[in-house]
Amino acid sequence: MYSQHTGKVSDKWSSYLLVYERILKSYRNQKVRLLEIGVQNGGSLEIWAKYFSNAKLIVGCDINPKCANLSYEDPRIHVFVGDATRDRIKSNLVELSKSFDIIIDDGSHYSSDIIKSFATYFPLLRCGGVY
């Protein structure tokens, strides 16, 4: 699916494909709510929408202001711009969904930021979900 993707650019998949497939395949046909922190060019959100064709909601968040220009035809995809650990961003995300089945943190790669994101969003993970 990744190699055939022709939409927005996603360059972070190649090294994760086998791991994502192993961990997420049991969710593939479910009505998941997915949150991805760190969407860069937005291509991963399109790929998630294809992979999880029955998904209820696919939400991305990125600190890069250029992500405000991302738009999607798929009404399940939403993008928020800002620091995911800020209360304002979390409030906006929670307005869309009070919980998520899958949370992927590929934003900042600094340990302190990863810990903040985990502390902020792990409580929103549904029982049996994947962070």
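The values are calculated or read from the model by the stated rules, or taken from the named source; none is laboratory data. These numbers were taken from a predicted model, which means no experiment stands behind them. For neighbour counting, all protein chains shown are included, and Cβ atoms are generated from backbone atoms with ideal geometry for every residue, glycine included.
Which residue is farthest from the chain's Cα centre (by Cα), if the candidates are limited to segment 75-131 and must be among the small types (G, A, S) and either in a loop (DSSP other than H, G, I, E, B) or within 23 Å of Q30 (Cβ to Cβ) (or both)?
Across segment 75-131, the extreme among qualifying residues is G128.
Across segment 75-94, the number of residues qualifying as under 14 Å from Y121 (Cα atoms) and not basic (K, R) comes to 9. Of everything in segment 12-30, what is of a type in the set (K, R) and surrounded by 12 or more Cβ atoms within 10 Å (Cβ to Cβ)? Give them in sequence order. Correct list: K12, R28.
Do you know which residues across segment 74-93 are touching a helix residue (DSSP H, G or I) at 6+ places or on another chain (Cβ under 7 Å) and β-branched (V, I, T)? Lay out the reasoning, then the answer.
Residues of segment 74-93 that are touching a helix residue (DSSP H, G or I) at 6+ places or on another chain (Cβ under 7 Å), as a first pass: 74, 76-85, 90.
I77, V79, V81, T85, listed by residue number.
Within this structure, R33 passes the test of being buried (at least 20 other Cβ atoms within 10 Å of the Cβ), within 26 Å of A119 (Cα to Cα), of a type in the set (K, R) and under 14 Å from the mean Cα position of the chain (by Cα). Picking from residues in segment 5-31 that are hydrophobic (A, V, I, L, M, F, W, C) and closer than 23 Å to Y72 by Cβ, the one that is modelled with the lowest pLDDT is V9. Put simply, of A68, A119 the only residue that is over 25 Å from I23 (Cα atoms) and exposed (fewer than 14 other Cβ atoms within 10 Å of the Cβ) is A68. Do we find that K25 is more than 20 Å from S15 (Cβ to Cβ), in a helix (DSSP H, G or I) and of a type in the set (K, R) in this structure? Against the criterion (more than 20 Å from S15 (Cβ to Cβ), in a helix (DSSP H, G or I) and of a type in the set (K, R)), K25 does not qualify.
Matching residues to (1) closer than 20 Å to Y131 by Cβ; (2) modelled with pLDDT under 95; (3) among the hydrophobic types (A, V, I, L, M, F, W, C):
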site	(1), (2), (3)
I47	yes, yes, yes
F52	yes, no, yes
V59	yes, no, yes
D62	yes, no, no
K90	yes, no, no
I102	yes, no, yes
S111	yes, yes, no
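Restricting segment 36-47 to residues that are of a type in the set (S, T, N, Q) and surrounded by fewer than 22 Cβ atoms within 10 Å (Cβ to Cβ), the residue that is farthest from D83 (Cα to Cα) is N41.
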